[in-house]
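Have a look at the structure below before the remarks.
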Amino acid sequence: MTDMYIDNSEPSENVGQIHFSLEYDFQNTTLILKVLQGKELPAKDLSGTSDPYVRVTLLPDKKHRLETKIKRRTLNPRWNETFYFEGFPIQKLQSRVLHLHVFDYDRFSRDDSIGEVFLPLCQVDFASKQSFWKALKPPAKDKCGELLSSLCYHPSNSVLTLTLIKARNLKAKDINGKSDPYVKVWLQFGDKRVEKRKTPIFNCTLNPVFNESFSFNVPWEKIRECSLDVMVMDFDNIGRNELIGRILLAGE
C-alpha cells in the first residue's frame, strides 16, 4: 500500500542527476542506502552555484526523514553518505517508495527545491547491490493531491490487481470549490493501450473513498513490458471532463 502523489507536471526541464546505491542485509532485515553524488545541478544562488543536500524518505512513512550534509558552492556535489533502515522485512520493504529530494540550502530564507526522485522498491532486485543514476524530476509547481492505492501481481494465475483506496486534497475544478472525481485506468503494453477500467463518479468532494479493485490478465513474461496509466478525472455534465492528475505505474 503506497501513498502516491498525483502530479501532472512534465519532467522536461533538466535539473541534474543523482547517483545512489541500494543493498539489503537479509540477516539483519536492513536496507542500506548510499547517497553518492549529484551531477549538473542548476544554480540557485547569485554566485552561480548551489548549496545542495538530499532529504531521504521511505514513503508513506513521512515521519522519519534523514538528510545528508550540505555541500557548499557546488553543482556537482559528492556526499558519499550511508543510511541504514533497520527492521524492514523484505515484504514490508517492497511496499515502500524511496524518495530522494535534493534541496539548495538558504541561510536566511526557505530552502529551494532542486529536484526529486521516486523509486518503488518493489522494482529493485535485492539479490545483489544495485547502483543507480537517476534524472531528477523538477519539483511540482501545482500539487494536485494524493492517491492511496495498492498493486499486487499473482504469477500463479497471471493476474495484476490494482486497488484504488482513496484520494485526498484533490484540486478543485468546479466553481463551488469542489470536484466530481473518478479514476480512469488504462493497461498498456509499450505505447499500446489494451484495456480500460474506471470507478464510479463521486460528486462534490476533494477526498473521495473509492475502495475499488481492477484485475488484469498479464502473462509473467510480459509483466515488465506493461504499465498502468492512472488518471484522476473531474466529471462535467456540460463540456469535457478535466484531468486532475495522473500516475504512470510501470515495471521499468
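The values are calculated or read from the model by the stated rules, or taken from the named source; none is laboratory data. Here the structure is a predicted model, which means the values were calculated and not measured. Neighbour counts are summed over all protein chains in view; Cβ atoms, including those assigned to glycine, are modelled from backbone coordinates with ideal geometry.
Residues that are under 25 Å from Lys196 (Cα atoms) number at least 3 in the following strands (runs of 3 or more DSSP E) confined to region 65-166: 146-154.
Hey, could you check region 199-231 for residues that are touching a residue at least 40 places away in the same chain (Cβ under 8 Å) and either in contact with an Asp or Glu (Cβ under 7 Å, 6 or more places away or on another chain) or more than 26 Å from Ser158 (Cα to Cα) (or both) and say which is surrounded by the most Cβ atoms within 10 Å (Cβ to Cβ)? Within region 199-231, the match that is surrounded by the most Cβ atoms within 10 Å (Cβ to Cβ) is Pro208.
Considering only residues that are polar (S, T, N, Q) and farther than 24 Å from Ser150 by Cβ, look in region 56-98 and name the one that is surrounded by the most Cβ atoms within 10 Å (Cβ to Cβ). I'd like the intermediate steps shown before the answer.
If we filter region 56-98 for residues that are polar (S, T, N, Q), which is where we start, we get 57, 68, 74, 76, 80, 82, 91, 94-95.
Cutting the leftovers down to farther than 24 Å from Ser150 by Cβ gives us 68, 74, 76, 80, 82.
Details: Thr68: 20, Thr74: 13, Asn76: 14, Asn80: 11, Thr82: 12.
The selected residue is Thr68.
Among the conditions (1) farther than 17 Å from Arg55 by Cα; (2) in contact (Cβ under 8 Å) with a residue 60 or more places away in the chain, Cys122 misses just one, which is (2).
Please indicate, with yes or no, whether at least one residue in region 172-179 is free of Cβ contacts under 8 Å to residues at least 40 places away in the same chain and hydroxyl-bearing (Ser, Thr, Tyr).
Within region 172-179, the first condition is being free of Cβ contacts under 8 Å to residues at least 40 places away in the same chain, and the residues that meet it are 172, 175-178.
If we keep only those that are hydroxyl-bearing (Ser, Thr, Tyr) as well, we get none.
Within region 172-179 (the criterion being free of Cβ contacts under 8 Å to residues at least 40 places away in the same chain and hydroxyl-bearing (Ser, Thr, Tyr)), the answer is no, since none of the residues qualifies.
Consider Lys137 carefully, then state whether it is closer than 24 Å to Lys44 by Cβ and touching a residue at least 40 places away in the same chain (Cβ under 8 Å). In short, yes.
One line per residue, one yes/no per condition, for (1) modelled with pLDDT of 90 or more; (2) buried (at least 17 other Cβ atoms within 10 Å of the Cβ); (3) assigned by TED's automatic domain parsing to the domain that holds Arg197:
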residue: Asn157; (1), (2), (3): yes, no, yes
residue: Thr163; (1), (2), (3): yes, no, yes
residue: Lys171; (1), (2), (3): no, yes, yes
residue: Asp174; (1), (2), (3): no, no, yes
residue: Ser179; (1), (2), (3): yes, yes, yes
residue: Val185; (1), (2), (3): yes, yes, yes
